[in-house]
Structures are given as C-alpha cells and as structure tokens.
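Each remark here refers to the structure printed beneath this line.
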Amino acid sequence: MEKYFMAAMGGADGLGNRSIAHLVNFFGSAEVAWSADAYDLSKSGIRKKSLEAFLEFRREHPNAPENLIGYCERHKINLCCIVDEDYPPLLKEIDTPPMFFYYRGQLQPLAQRIGVVGSRHNTLYGQTVALELGEQLAAAGLTVVSGAARGIDSFAHRGALKSGRTVAVLGCGINHLYPIENRKLYEQIVELGVVMSEFPPLLPPNQGTFRVRNRIIAGLSRGVVVVEAGKESGALITSGYAGDFGRDVFAIPGKIYDDMNFGCHELIRDGATLIKSAQDILDEYDIAATTPEIFTPKSSADSKPPRIQPKPAKTVELDGAEAKIFEIIPLDKFITDEEILMQVDDITPSELPSIMTNLELKNCVEEDAGRYKRKR
C-alpha cells in the first residue's frame, strides 16, 4: 500500500521527487505523510508552493491512493517504488532517482543495460546502425534501453526484440500511447521486455516530460550510445545525464558535412568513445559476442551491411483465432486489417491487433505499414 500513497502524492503538480522523498523521510512513510494535517506538513520544511500544491490535490482527490490501486488492477499496470526489492539498484545511484514508476512487462532489476538513443528524423544509415546495434547488444545478453520515440529509438527497440530484451522509457503516462504508430511495438516490448514511466498513467507528453524521460534512460544504463543527433537533439540531453551520472558515453561517427551527425561528432570531440561496432561496446565491458559486425552505410543495392545470420525457424503450432487468421493471410502479397476482418466473422476490430502481434512474435507473419503477409 505504501507505493500507492507515494504515487498518489506524485499526482500533485509541483510535488516532485525531492519533495516526496523529503516528506517520506520526515514522516517515516508516504501513508503517514498523505494523512498529515497542514500544520505538521508545514513543519516538514518543503517549499511553500509544493506544500500548497499537495494540499490542493489532496482536497480534490481524497481517495487517490485507493482509486489508483483500482485503476492499476483494471489496466494491468504494475507500480514499483524505491523501497521495493525489484527497483533497479543502478537507478538508485543517480541524483534524485524516481520515487516510483509504473510499468508493464517483466522487470529484471539486475540486468546489464545499455541506452541507445538518437534523432527522431534519422537517415537510412542511422536506421541500419540502430537496428543492428540493438540486435547485437541484445544477442550478447545486454538489455537495450531507449525512449520509444520515432526514429532511432524505435529502430533500437526493434533490433533488440529480434534477439533479446529491451526497455522503453516513456515521455508520457503509460496509458497515453505516444507516438500512436508505435502501438504494435509497444505491445511487443511489453511481451518481451518492459515499458515504464514515472508519470501519471494518462499524462500526455510535453517538452518537460521528455527531459525527465531522458534522465531515466541514462540512470538505468551502464552506458549510452548516441547513433545520430543534430545540434538540438534530445539525445544529447540523455548523453549529458549519462556523463553527469558517471556512466559511459559512446557515439557513432558519420559524414562530417551531414547535420545529422553534428551531435555525435561534438560528443567524440569532447571525450565520448567512438564506436564502429557493437563489439566495441562488448569489449569495453568484457562481454562475449557471437559475431562482431562493422556498421557501414548502404551506398548501393549491392553494398549491404553485414547482418547476424538468423536462427533456423522453429515449428509453431497455432490454434483458435490465430490459426483462423493465419489461414487467410497470403504468402505473396500484403493484406490489410479490414481485409482480414471481412474474411473472419468471429474476430472484432479490438481483438485483431493483439492477435496480429502474437503472430508477428511467433515469426509467422510480417507487417508493413499496417498490412500483413506470411513469412517465408
């Protein structure tokens, strides 16, 4: 119950991690702090504005802790607070760690994690690097951490899901999916990793929430890799936090005349470690890998970057709705959600996304812009 009182306090606009930590330490628990009267709260020493925000929020939402329990149960959301055994110990080491966070999926608090971040407006070179870097680091047993944003973040997650685990740290509430096109990616990460956020579940993103999100990515990670970053890229904020926290900062080099590489080259100039492959990171941490790869841009149809050889496909048995849908999906062309629903009578539009995600995870179908066909 303690964690829900702590998270309820976090719903007060203006009551941040420092103030919550101070109140918990002063009163001995979040539950006691939540119930304390205004006079005792004023003696705690928190800022006047923070105190007023908390008192106003508590007056408006007197049953917030109990309501939060019900909400999390209904939406299958887990809550972790800083005193829980499964709170990642590496995250506790940063300045002002989150007092709590919401998550879906399976936490592995002792996992070795590497952040992979970059621009939302990536190039083909950046996409290739992010995909292969994510895949190769995950294959070596590292958990890839990123921000579930468009661009490099999404490709890093997708690469990691091919061979291992990934963590998505959201810049919004866990029940406010952003960007919306990452819905299927979000579901895959929940299935094979963890999605987390320290914001109230329905909070939409804003400029401030992304900065907070970047701090968590750096805090969870032993090191942070910046793949592509322009001069004003948020990825540079993440690498800045990593440096402040004493974590390693790695950067991928690119063309010197390309603005998309400006941030990475500035980082390298200022002391970040230049890397040309996942192997460079694995060597840094003395981790064995299967096949070292060198990242190279695609300059023509005949110069493709080297890839890890896929594992032999496993036989998968399907039944129920998955089997029905798989039967109608063609091998030689893509079909849409609407075409699938027209041919399967007992599947509703709300049920179809999770079924298709399961078929993707079982390597039975491939998806392209909301259309599907069988995998060969």
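The values are calculated or read from the model by the stated rules, or taken from the named source; none is laboratory data. Bear in mind that the values here come from a model prediction, so they are computed numbers and not experimental data. We place every Cβ from the backbone using ideal geometry, glycine too, and count neighbours over all the protein chains shown. Heads up: the accessible areas ignore ligands, DNA and RNA and are worked out on the full protein's heavy atoms, side chains in. Shrake-Rupley method; radii C 1.70, N 1.55, O 1.52, S 1.80 Å.
(1) under 26 Å from G193 (Cα atoms); (2) open to solvent by 20 Å² or more (accessible area, probe 1.4 Å): which one isn't true of F100, the others all being true?
All conditions pass for F100, except number (2).
Got a number for residues in the stretch 79-116 being under 22 Å from A8 (Cβ atoms) and more than 15 Å from the chain's Cα centre (by Cα)? So that I can check it myself, show each step before the final result.
So the first thing to find is which residues in the stretch 79-116 are under 22 Å from A8 (Cβ atoms), and the list is 79-87, 91-92, 96-104, 107.
Now restrict to residues that are more than 15 Å from the chain's Cα centre (by Cα): 79-87, 92, 96-100.
Of the residues in that region, 15 qualify.
Let's see how each residue does on (1) among the hydroxyl-bearing types (S, T, Y); (2) farther than 24 Å from C364 by Cα; (3) touching a Ser or Thr at 6+ places or on another chain (Cβ under 8 Å):
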| residue | (1), (2), (3) |
| --- | --- |
| A111 | no, yes, yes |
| V116 | no, yes, yes |
| H121 | no, yes, no |
| V144 | no, yes, yes |
| T166 | yes, no, yes |
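What are the pairs with Cβ atoms under 6 angstrom where one residue, in the stretch 172-200, is touching a residue at least 24 places away in the same chain (Cβ under 8 Å) and hydrophobic (A, V, I, L, M, F, W, C) and the other, located anywhere, is surrounded by fewer than 20 Cβ atoms within 10 Å (Cβ to Cβ) and assigned to a strand (DSSP E or B)? Sequence gap at least six, or different chains.
Every condition considered, the pairs that remain are V190/G105; V194/G105; V195/G105.
Restricting to the stretch 331-376, give me the number of residues that are part of a loop (DSSP other than H, G, I, E, B), more than 20 Å from E187 (Cα to Cα) and modelled with pLDDT under 80.
Residues meeting the conditions: 3.
Among the residues of the stretch 288-295, are any modelled with pLDDT of 50 or more, over 23 Å from N261 (Cβ atoms), exposed (fewer than 14 other Cβ atoms within 10 Å of the Cβ) and not basic (K, R)? Before you say what the answer is, go through the steps one by one.
Initially, the stretch 288-295 is screened for residues modelled with pLDDT of 50 or more, giving 288-290.
Subset that is over 23 Å from N261 (Cβ atoms): 288-290.
Now restrict to residues that are exposed (fewer than 14 other Cβ atoms within 10 Å of the Cβ): 288, 290.
The next check asks that each one be not basic (K, R); those that pass are 288, 290.
Within the stretch 288-295, one or more residues are modelled with pLDDT of 50 or more, over 23 Å from N261 (Cβ atoms), exposed (fewer than 14 other Cβ atoms within 10 Å of the Cβ) and not basic (K, R).
Looking only at the stretch 70-97, which residues are surrounded by fewer than 18 Cβ atoms within 10 Å (Cβ to Cβ), assigned to a loop (DSSP other than H, G, I, E, B) and without any contact (Cβ under 8 Å) to a residue 60 or more places away in the chain?
Within the stretch 70-97, K76, E85, D86 meet the criteria.
Identify, please: which residue in the stretch 326-346 is among the β-branched types (V, I, T) and within 30 Å of the chain's Cα centre (by Cα) and is, among those, least open to solvent (accessible area, probe 1.4 Å)?
Let us first name the residues in the stretch 326-346 that are among the β-branched types (V, I, T), namely 328-329, 335-336, 340, 344.
From what's left, within 30 Å of the chain's Cα centre (by Cα): 335-336.
On the way: I335: 9, T336: 40 Å².
Residue satisfying both the conditions and the ranking: I335.
On the given criteria, is R120 assigned to a loop (DSSP other than H, G, I, E, B), surrounded by 16 or more Cβ atoms within 10 Å (Cβ to Cβ) and either of a type outside the set (V, I, T) or in contact with a Cys (Cβ under 9 Å, 6 or more places away or on another chain) (or both)?
Values: assigned to a loop (DSSP other than H, G, I, E, B): yes; surrounded by 16 or more Cβ atoms within 10 Å (Cβ to Cβ): yes; either of a type outside the set (V, I, T) or in contact with a Cys (Cβ under 9 Å, 6 or more places away or on another chain) (or both): yes.
Taking the combined requirement at face value, the residue satisfies it.
Among the candidates N206, N182, N175, which residue alone is farther than 25 Å from K276 by Cβ and either of a type in the set (G, A, S) or under 13 Å from the mean Cα position of the chain (by Cα) (or both)? Break it down stepwise before answering.
Values: N206 fails: either of a type in the set (G, A, S) or under 13 Å from the mean Cα position of the chain (by Cα) (or both); N175 fails: either of a type in the set (G, A, S) or under 13 Å from the mean Cα position of the chain (by Cα) (or both).
Sole residue among the options that is farther than 25 Å from K276 by Cβ and either of a type in the set (G, A, S) or under 13 Å from the mean Cα position of the chain (by Cα) (or both): N182.
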